[in-house]
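Here the structure is laid out as structure tokens; the discussion comes afterwards.
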Amino acid sequence: MENAVSPALQDRLFAIDFELLGEVQIPTGTLFAAPDSPNSQTEIGGLSGLAYDSVSGLYYALADDRSSDARFYTVDIDLSDGALNSDDVAFQDVTFLLDKDGDRFESGTLDPEGIALTPDGTLYISSEGDANQIINPFIREIALDGSFISELPIPNLYLPTADKSSGIRNNLAFESLTISPDQK
């Protein structure tokens, strides 16, 4: 029985077929200004994570930017013709990530990597931290306006120490993020 699924796996969802629809490369130096602040431009680049919102049909693309411009973009990607071409990608908005006090993060205090959309319409953002600077990784729930909602507890095993006896290693921590099909 080639396609038989064991009883332990029967309730799981599987992706068994993938098709590459195309590729889009955004040239280095491409700037984007949000419609409500045309004088404040950010460079599109270093996109590290992507989350799809099936309700709005939009995507949220997280920029891997350790500066005070840590952000995600709202992106419209038109796949209606079954292919992905450069004119199918339209950046709609930019949202800056905010710390617990409602301010932009200070440069160097996070390393945003992963993004996932919850069924409640909020986002989880992961930061892999920085072992050399003793900056802890985190996973935070944020609103679509970038504001802090909550933070998941991170086990001590992942928290960097000055003597490097435990904790994350640089650029080898919380790289991606997803929510399981059962929303756990």
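In the elastic network of the chain, a GNM with C-alpha springs shorter than 10 Å, the most mobile of 151, 43, 23 is 23. Surface composition of region 74-184: carbon plus sulfur atoms hold 48% of the accessible area, using a 1.4 angstrom probe and ignoring ligands, DNA and RNA. Peptides 160-168, 120-128, 53-61, ordered by how many other C-beta atoms sit within 10 Å of their residues on average, highest first, read 120-128, 53-61, 160-168.
Comparing 141, 19, 106 in a Gaussian network model of the chain, where Cα atoms under 10 Å apart are tied by springs, the biggest mean-square fluctuation is seen for 19. The per residue volume of the convex hull around the alpha-carbon atoms of region 109-148 is 55 Å³. The GNM of the chain, with springs linking C-alpha atoms under 10 angstrom apart, assigns the highest mean-square fluctuation among 34, 63, 83 to 83. Net charge near residue 140, counting Lys/Arg +1 and Asp/Glu -1 over other residues with Cβ under 10 Å of its Cβ? Residues near residue 140 contribute -2 overall. Dipole size of region 47-184 about its Cα centre, with +1 on Lys/Arg Cβ and -1 on Asp/Glu Cβ: approximately 560 debye, rounded to the nearest 20. Only one of (1) 54, 45, 29; (2) 59, 41, 26; (3) 60, 47, 22 was calculated from the structure for Cα extents along the principal axes in Å, and its label is (1).
The values are calculated or read from the model by the stated rules, or taken from the named source; none is laboratory data. Values in this document were obtained by computation on a predicted structure and should not be read as measured data. Glycine gets a Cβ as well: all are built from the backbone with ideal geometry, and neighbour counts include every protein chain shown. Just so you know, the surface numbers come from the protein's heavy atoms only, side chains and all, with ligands and any DNA or RNA stripped out. Shrake-Rupley method; radii C 1.70, N 1.55, O 1.52, S 1.80 Å.
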